[in-house]
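The values are calculated or read from the model by the stated rules, or taken from the named source; none is laboratory data. Keep in mind the model is a prediction, meaning the values are calculated, not measured. Heads up, the Cβs are rebuilt from the backbone with ideal geometry, glycines too, and the neighbour counts pull from every protein chain shown.
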Amino acid sequence: MRLKITDIPDEGLTDEFDLPVEVRDGGVSDTAHVVINVKRFGKKVLAEGKVNITVSLNCSRCLKPVPYPIETKFSEEYNPAMDLDKEEEQELTEGELDLSYYSNDELNISELIREQVLLSVPMKPLCSADCHGICLKCGKDLNEGACLCKTEEIDPRLAPLGKFKELMKDRGTA
Ligand SMILES: [Zn+2]
Ligand SMILES: [Zn+2]
């Protein structure tokens, strides 16, 4: 979804719409409900609004699907990418990093909304704070109970004891 800068009326533009957002590349699209207000100040464009979306994430421990609701407000300032004059470049080096740019007289609304959603997505989502995850050996969901690997595994603290016993046995026969 793109908005032509020249199409923005002097009094600004308010719109409300649903937009598919793909949080992970090649993943499922979730629908964002967007309310946006766009104003133009000369060549500068200010886009403000609100995004509501429930993104489909997977628990970082057990990989179970976790619906994650997000409600976020945004306020982004855009400048034309092509004609940055020296003064603006100066401003940029002074740390105004949250400035965005538009090119070809177009604002990429889809990209703006996707960025806003990504900012609110947790790096390591969890289905619950005490998720036990899955067994790395057999892949069993440990939230459903322990797997067999755990009992088969020798307690590493007891392993030297086994060796010691073997050693004693060897000595005994010698
Ligand atoms: Zn989980
Ligand atoms: Zn296991």
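A few notes on this one:
- Residue in region 108-120 that is of a type outside the set (Gly, Ala, Ser), more than 30 Å from ILE53 (Cβ to Cβ), at pLDDT 90 or above and part of a helix (DSSP H, G or I) present: no
- Single residue of region 11-28 satisfying the filter (in a loop (DSSP other than H, G, I, E, B) and in contact (Cβ under 8 Å) with a residue 12 or more places away in the chain) that is farthest from the chain's Cα centre (by Cα): GLY12
- Residue match in region 89-96 (condition: at pLDDT 85 or above, assigned by TED's automatic domain parsing to the domain that holds LEU19 and more than 16 Å from ligand 2 (Cβ to nearest atom)): no
- Here ARG61 meets each of (1) within 16 Å of ligand 2 (Cβ to nearest atom); (2) modelled with pLDDT under 90 with one exception, condition (2).
- Residue identified as surrounded by 14 or more Cβ atoms within 10 Å (Cβ to Cβ), within 30 Å of LYS124 (Cα to Cα) and modelled with pLDDT under 95 among SER56, SER75: SER56
- Selection status of PRO160, exposed (fewer than 10 other Cβ atoms within 10 Å of the Cβ), farther than 28 Å from TYR68 by Cβ, more than 14 Å from ligand 2 (Cβ to nearest atom) and at pLDDT 65 or above: yes
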